[in-house]
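I have placed the structure first, in the form of structure tokens, so that the comments after it can refer back to it.
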Amino acid sequence: MTHKKLIHIPWTLERDAPPFEGNDIKSPEEMFRYTFKHNTKKGDKIFDPFTGMGTSLFVAEEMERIPFGMEYEPQKYEWVAGQLENWTHMVCDDAAKLDKYKLPKMDLIITCPPYMERHTKWNPLCGGNPKYAGYDKYLKRMGFIFGKVTNLMKKNTPLIIQLDNIQSGKNFTPLIHDITSVLNKSFIQTGETIIQWDTPKPDYPFTTLLTFRKR
Ligand SMILES: C[S@@+](CC[C@H](N)C(=O)[O-])C[C@H]1O[C@@H](n2cnc3c(N)ncnc32)[C@H](O)[C@@H]1O
């Protein structure tokens, strides 16, 4: 049976996103502190395939874990890598190509992937490349990328993904269900943590962390 929990974490961004990006897609540092405290120990290797503004990696270093990450936007990559002690562990490339790099087996994989609404065409995983336009291709690509991620997992390495369903006007995107479905081929879901933000961001009272292990 999937283990389900409700926890409370403050919505506080301790480190602002860089000026060329908004804070919109950043996750709070405390969310990573909580997951690292409960799933890793000092010296463990942590990988984030969609690093963004590097929150997971900065917290990993702060807690004496060893961060690894991929981010395909060069500007974000440089901003993050330039502030990391372990900057050589950052790769600037599409996470779908992670096999090209000599990354070690990890003790924890944690990430918040780019979100897509199902009525839109722009696939954020592929920089809007029209060859991969549409929600179905986005989901298929998500399954492909996380399939590659299994190569970096030991038998007991948890994969933790932050996800939200999206309501935009009349359009609802059941992203949590849809991404869980495409991961089903390579992973078994083992947990679900609902985070209720204390001091919530307007219109964003909750988020979800899903935990998987590889099949
Ligand atoms: C939701 S953001 C991650 C935010 C991060 N948790 C933080 O706190 O800053 C997702 C990131 O994935 C990156 N991205 C999108 N597609 C990618 C791909 N195919 N490979 C690697 N990175 C990708 C985006 O540029 C974006 O920075």
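The values are calculated or read from the model by the stated rules, or taken from the named source; none is laboratory data. Everything numeric in this text was worked out from a predicted model, so none of it was measured. Neighbour counts run over all protein chains shown; Cβ positions are idealised from the backbone, glycine included.
Residues in segment 92-127 that are surrounded by fewer than 20 Cβ atoms within 10 Å (Cβ to Cβ), more than 10 Å from the ligand (Cβ to nearest atom), modelled with pLDDT of 95 or more and among the charged types (D, E, K, R): 6 in all. Within the set 145, 176, the sole residue that is more than 30 Å from residue 64 (Cα to Cα), modelled with pLDDT of 95 or more and in a helix (DSSP H, G or I) turns out to be 176.
Among 73, 29, which is the only one that is within 11 Å of the ligand (Cβ to nearest atom), more than 22 Å from residue 141 (Cβ to Cβ), among the acidic types (Asp, Glu) and surrounded by fewer than 21 Cβ atoms within 10 Å (Cβ to Cβ)?
Working: 73 fails: more than 22 Å from residue 141 (Cβ to Cβ).
Sole residue among the options that is within 11 Å of the ligand (Cβ to nearest atom), more than 22 Å from residue 141 (Cβ to Cβ), among the acidic types (Asp, Glu) and surrounded by fewer than 21 Cβ atoms within 10 Å (Cβ to Cβ): 29.
Suppose we keep only residues that are farther than 14 Å from residue 138 by Cα, more than 16 Å from the chain's Cα centre (by Cα) and in contact (Cβ under 8 Å) with a residue 24 or more places away in the chain within segment 167-190. Which one would you say is surrounded by the most Cβ atoms within 10 Å (Cβ to Cβ)? Going through the qualifying residues, I end up with 186. Let me spell it out: the conditions are (1) more than 14 Å from the ligand (Cβ to nearest atom); (2) under 15 Å from residue 201 (Cα atoms), and residue 39 meets all of them except one. Which number is the exception? Single failed check for residue 39: (2).
Taking the conditions exactly as written (charged (D, E, K, R), more than 7 Å from the ligand (Cβ to nearest atom), at pLDDT below 95 and surrounded by 15 or more Cβ atoms within 10 Å (Cβ to Cβ)), does residue 21 satisfy them or not? Yes.
A count restricted to segment 35-63 and to residues that are touching a residue at least 40 places away in the same chain (Cβ under 8 Å) and part of a helix (DSSP H, G or I) stands at 6.
What do you reckon, is residue 123 closer than 18 Å to residue 147 by Cβ and not hydrophobic (A, V, I, L, M, F, W, C)? Outline the logic, then answer.
Working: closer than 18 Å to residue 147 by Cβ: yes; not hydrophobic (A, V, I, L, M, F, W, C): yes.
Taking the combined requirement at face value, the residue satisfies it.
Of all residues in segment 68-119, those satisfying the criterion of being in contact (Cβ under 8 Å) with a residue 12 or more places away in the chain and of a type in the set (S, T, N, Q) are 75, 83, 86, 111.
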